[in-house]
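K.L.:
Following this message is one structure expressed as structure tokens.
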């Protein structure tokens, strides 16, 4: 089955809980139940990232963050060839040094928003995830990919270095040695190799990509919303500190969780042998 047949499309959803789509030029946004589908919608250029697309991604994720009914987000690319094939080279070729630094900071800020959203984001990688596309995937909470997906940071082949966080997130995910080999060679690796080194969580058939992403988010959404947010914060912030500082941060968030209504509900439900009803309070 073509991946494009299973990615979100502007067609009306049959889900009665679906919300109206957010209208953006380069990104398709739709909430289906508790899941927001964010799809980079530039298939003619393999969903390449330009300034306008970064701005649309920021709008989409800010919308998802502020929508209390959204419990998780799926980020995908339109079509069946690419998740995001990288930066829009036609725009990059005209950039001055000042323009390039500004563009790098814009992308980094959007990806920081995605990484620290407080809600899980699954990257559903349906093809090429190169340069800024690989960096975007790395900012997501979980990455699942189709069998023919490709990954890489080929910026050095253009006389550049990764500018969207690749030199920082890739070593943290796969280790310094593997990251430097990818960054310095500009090589492209298969989904299978990406999975082997820990860049990708799962590989699935194309027909299962979105259903599997939804299943992961639904499994997470069954848990306490505040605990999910605090676990994300503790993991993200703790990874930037020493282990002792991270442990202190973890203890603080553990204490915050213990003061919530969700903790009372979760422990009561366990003792009463029933399913918990969490309300994010």
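K.L.:
Those residues that are out of contact with any helix residue (DSSP H, G or I) (no Cβ under 9 Å at 6 or more places or on another chain) and in a loop (DSSP other than H, G, I, E, B), I need them from the range 206-247; list them, please.
P.N.:
Scanning the range 206-247 gives 222, 242.
K.L.:
Assess whether residue 184 counts as being farther than 26 Å from residue 241 by Cα, outside any loop (DSSP other than H, G, I, E, B) and either in contact with a helix residue (DSSP H, G or I) (Cβ under 8 Å, 6 or more places away or on another chain) or without any contact (Cβ under 8 Å) to a residue 24 or more places away in the chain (or both). Steps first, answer last, please.
P.N.:
Numbers: farther than 26 Å from residue 241 by Cα: yes; outside any loop (DSSP other than H, G, I, E, B): yes; either in contact with a helix residue (DSSP H, G or I) (Cβ under 8 Å, 6 or more places away or on another chain) or without any contact (Cβ under 8 Å) to a residue 24 or more places away in the chain (or both): yes.
Judged against the criteria, residue 184 is a match.
K.L.:
Could I ask something else about it? Can you find a residue that is at pLDDT below 95, crowded, with 20+ Cβ neighbours inside 10 Å and either assigned to a loop (DSSP other than H, G, I, E, B) or out of contact with any strand residue (DSSP E or B) (no Cβ under 9 Å at 6 or more places or on another chain) (or both) anywhere in the range 92-107?
P.N.:
Yes, the range 92-107 contains at least one residue that is at pLDDT below 95, crowded, with 20+ Cβ neighbours inside 10 Å and either assigned to a loop (DSSP other than H, G, I, E, B) or out of contact with any strand residue (DSSP E or B) (no Cβ under 9 Å at 6 or more places or on another chain) (or both).
K.L.:
Does residue 80 satisfy being without any contact (Cβ under 8 Å) to a residue 12 or more places away in the chain, more than 19 Å from residue 29 (Cβ to Cβ) and over 15 Å from the mean Cα position of the chain (by Cα)?
P.N.:
Values: without any contact (Cβ under 8 Å) to a residue 12 or more places away in the chain: no; more than 19 Å from residue 29 (Cβ to Cβ): yes; over 15 Å from the mean Cα position of the chain (by Cα): yes.
Spelling it out, it is not the case that residue 80 is without any contact (Cβ under 8 Å) to a residue 12 or more places away in the chain, more than 19 Å from residue 29 (Cβ to Cβ) and over 15 Å from the mean Cα position of the chain (by Cα).
K.L.:
While we're looking at this one, here's another question. Given the conditions (1) surrounded by 17 or more Cβ atoms within 10 Å (Cβ to Cβ); (2) without any contact (Cβ under 8 Å) to a residue 60 or more places away in the chain; (3) touching a strand residue (DSSP E or B) at 6+ places or on another chain (Cβ under 9 Å), and given that residue 111 satisfies all but one, which numbered condition is not satisfied?
P.N.:
Only one criterion in (1) surrounded by 17 or more Cβ atoms within 10 Å (Cβ to Cβ); (2) without any contact (Cβ under 8 Å) to a residue 60 or more places away in the chain; (3) touching a strand residue (DSSP E or B) at 6+ places or on another chain (Cβ under 9 Å) is unmet by residue 111, namely (3).
K.L.:
Here is a check on your reading of the model: is residue 173 touching a helix residue (DSSP H, G or I) at 6+ places or on another chain (Cβ under 9 Å) and buried (at least 19 other Cβ atoms within 10 Å of the Cβ)? Don't jump to the end; show me each part of the working.
P.N.:
Numbers: touching a helix residue (DSSP H, G or I) at 6+ places or on another chain (Cβ under 9 Å): yes; buried (at least 19 other Cβ atoms within 10 Å of the Cβ): no.
Criteria not met by residue 173.
K.L.:
Scan the range 21-29 and give yes if some residue there is in a loop (DSSP other than H, G, I, E, B) and either at pLDDT below 50 or farther than 29 Å from residue 103 by Cα (or both), otherwise no. Don't jump to the end; show me each part of the working.
P.N.:
Filtering the range 21-29 down to residues in a loop (DSSP other than H, G, I, E, B) leaves 21, 23-26.
Filter again for either at pLDDT below 50 or farther than 29 Å from residue 103 by Cα (or both), leaving none.
No, every residue in the range 21-29 fails to be in a loop (DSSP other than H, G, I, E, B) and either at pLDDT below 50 or farther than 29 Å from residue 103 by Cα (or both).
K.L.:
Looking at 246, 259, 280, 255, which one is more than 17 Å from the chain's Cα centre (by Cα) and closer than 28 Å to residue 36 by Cβ?
P.N.:
280
K.L.:
Against the conditions (1) in a helix (DSSP H, G or I); (2) modelled with pLDDT of 90 or more, where does residue 265 fall short? Just the number, please.
P.N.:
Answer for residue 265: the failing condition is (2).
K.L.:
Surrounded by 15 or more Cβ atoms within 10 Å (Cβ to Cβ), under 19 Å from the mean Cα position of the chain (by Cα), within 21 Å of residue 111 (Cβ to Cβ) and not assigned by TED's automatic domain parsing to the domain that holds residue 33: which single residue out of 234, 194, 213 fits that description? Talk me through it step by step, then tell me what you get.
P.N.:
On the way: 194 fails: not assigned by TED's automatic domain parsing to the domain that holds residue 33; 213 fails: not assigned by TED's automatic domain parsing to the domain that holds residue 33.
Result of the check over 234, 194, 213: 234.
K.L.:
Going by the conditions given, is residue 203 at pLDDT 95 or above, closer than 17 Å to residue 142 by Cα and surrounded by 13 or more Cβ atoms within 10 Å (Cβ to Cβ)?
P.N.:
Spelling it out, residue 203 is indeed at pLDDT 95 or above, closer than 17 Å to residue 142 by Cα and surrounded by 13 or more Cβ atoms within 10 Å (Cβ to Cβ).
K.L.:
Look through the range 56-77, keep the residues that are under 15 Å from the mean Cα position of the chain (by Cα) and part of a loop (DSSP other than H, G, I, E, B), and return whichever of them is nearest to residue 228 (Cα to Cα).
P.N.:
71
K.L.:
Please enumerate the residues belonging to the range 163-178 that are assigned to a loop (DSSP other than H, G, I, E, B) and under 21 Å from residue 201 (Cβ atoms).
P.N.:
Result: 164, 165, 175.
K.L.:
Taking the condition of being surrounded by fewer than 21 Cβ atoms within 10 Å (Cβ to Cβ) and free of Cβ contacts under 8 Å to residues at least 60 places away in the same chain, how many residues in the range 27-52 meet it?
P.N.:
Number of matching residues: 8.
The values are calculated or read from the model by the stated rules, or taken from the named source; none is laboratory data. Since this is a predicted model, take the numbers as computed values, not measurements. Note that we place each Cβ from the backbone using ideal geometry, even for glycine, and neighbour counts take in every protein chain shown.
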